[in-house]
Amino acid sequence: MLEEVGKDARYKPVAIVDTNATAARMAQYLLGGSGHKNVPTFSGLTGVLSQIEADALIICAPTKTHAEYARMGFVVNMHVLVDKGMTMDWEEGKALVAEADSAWVKFCVAQTYRYHPTEQAISYILGKVDHPHHPGDVRIVDYVHHRYRPDPGTYDYSYAMVWDLGSHHMDSLARWLGKASVVTARSYSAPWTQYVHDANISAFIEFKRGAVCNYVQTNDATISEWKVTLQGDRGTLVLNGHDELRFFPKPTEALATAESESVACDVGEHATPEANILHDFFTYIVEDIEPGISGRRNLRAVALCEGLVRSAKNKRPVELEELK
């Protein structure tokens, strides 16, 4: 994000905040390479907000700090772009959106996954029923993300995997499939885990449109895999990582014997996800065009994350209608 801010002529960095002095100096050096020389550095937000005049605050910090930092921006009437996830609690998420509205500022959440070309292509295809790669009425969905991530890092609180990486996954699913109705989840750890809290979660997510998603995220995995399949009555879209999106037409013979032809989806040339986020944030502030990453719209992902956590914690299905 820092490099994209430096390159975007619509933004002028006026301060860098980092508790790590070395990281702050590195950021200062990188911005200098983009023509922003000697941007002042600060060790905390309190100092910079009282000394520097600015229009917007971009927060790239651990998820558990997001609510506090965003509120510090709202108090001084600054627009806020915060890294995913918005926060770690449904009620607090609603409160943050309301507080931004009360301060008359724009609030966005940097969900980068939705800006990758392959994910953009899925959204485009699903919105065009006459597209040759449209899978039809999607009913069977798999979202599987296995990671070998032995160092807990900032995943040092309960259900961190949901509120951090899971917010990307839930944002994508909500964008593609609409509102969810029921979540049934279980969290767990492998015997070899280095995490204090559960590092893995599996769930069934039922959507109002009829689709059912088998969702898996692991951080204790010993092999890395990221695969999303969206199966409908006309075929299947398969996303492997963010590098490959393919379409498999529905076979005309028995599934056990028929072979389907894969068709590569042309996603073309795109700007980086971070550049697109900055564009949408700027447009939201200047032209009042609300993007999919607005705080209000991001509540759909927050609600799904809350459903995962409540279900895993209480070991019961959660009706999302419970979230008001």
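The values are calculated or read from the model by the stated rules, or taken from the named source; none is laboratory data. Since the model is a prediction, treat every value here as computed from it, not as a measurement. For neighbour counting, all protein chains shown are included, and Cβ atoms are generated from backbone atoms with ideal geometry for every residue, glycine included.
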Point to revise | Failed item, numbered, when Phe74 is tested on (1) surrounded by fewer than 18 Cβ atoms within 10 Å (Cβ to Cβ); (2) assigned to a helix (DSSP H, G or I); (3) touching a helix residue (DSSP H, G or I) at 6+ places or on another chain (Cβ under 6 Å) | key: (1)
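Condition check ((1) buried (at least 21 other Cβ atoms within 10 Å of the Cβ); (2) in contact with a helix residue (DSSP H, G or I) (Cβ under 8 Å, 6 or more places away or on another chain)) across all residues:
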site: Ile277; (1), (2): yes, yes
site: Phe281; (1), (2): yes, no
site: Tyr284; (1), (2): no, no
site: Asp288; (1), (2): no, no
site: Gly295; (1), (2): yes, yes
site: Ala301; (1), (2): yes, yes
Exercise for review: Please find, among Val183, Val228, the residue that is buried (at least 20 other Cβ atoms within 10 Å of the Cβ), among the β-branched types (Val, Ile, Thr), out of contact with any Phe, Trp or Tyr (no Cβ under 7 Å at 6 or more places or on another chain) and closer than 21 Å to Cys305 by Cβ.
Suggested key: Val183
Exercise for review: Only one of these is outside any loop (DSSP other than H, G, I, E, B), in the same structural domain as Lys250 (by TED's automatic domain parsing) and at pLDDT below 95: Gln217, Gln120. Name it.
Suggested key: Gln120
Review point. Does the stretch 127-142 contain at least one residue that is in contact with a helix residue (DSSP H, G or I) (Cβ under 9 Å, 6 or more places away or on another chain) and either without any contact (Cβ under 8 Å) to a residue 24 or more places away in the chain or of a type in the set (Gly, Ala, Ser) (or both)?
Key: yes
Study note, to complete from the structure: Considering residues that are over 11 Å from Val141 (Cα atoms) and out of contact with any Lys or Arg (no Cβ under 6 Å at 6 or more places or on another chain), the number found within the stretch 179-220 is 27
Review point. Within the stretch 48-67, which residues are more than 22 Å from His168 (Cβ to Cβ) and either touching a helix residue (DSSP H, G or I) at 6+ places or on another chain (Cβ under 9 Å) or in a strand (DSSP E or B) (or both)?
Key: Leu49, Ala54, Asp55, Ala56
Check your understanding: In the stretch 242-257, is there at least one residue being under 23 Å from Lys84 (Cβ atoms) and among the polar types (S, T, N, Q)?
Key -> no
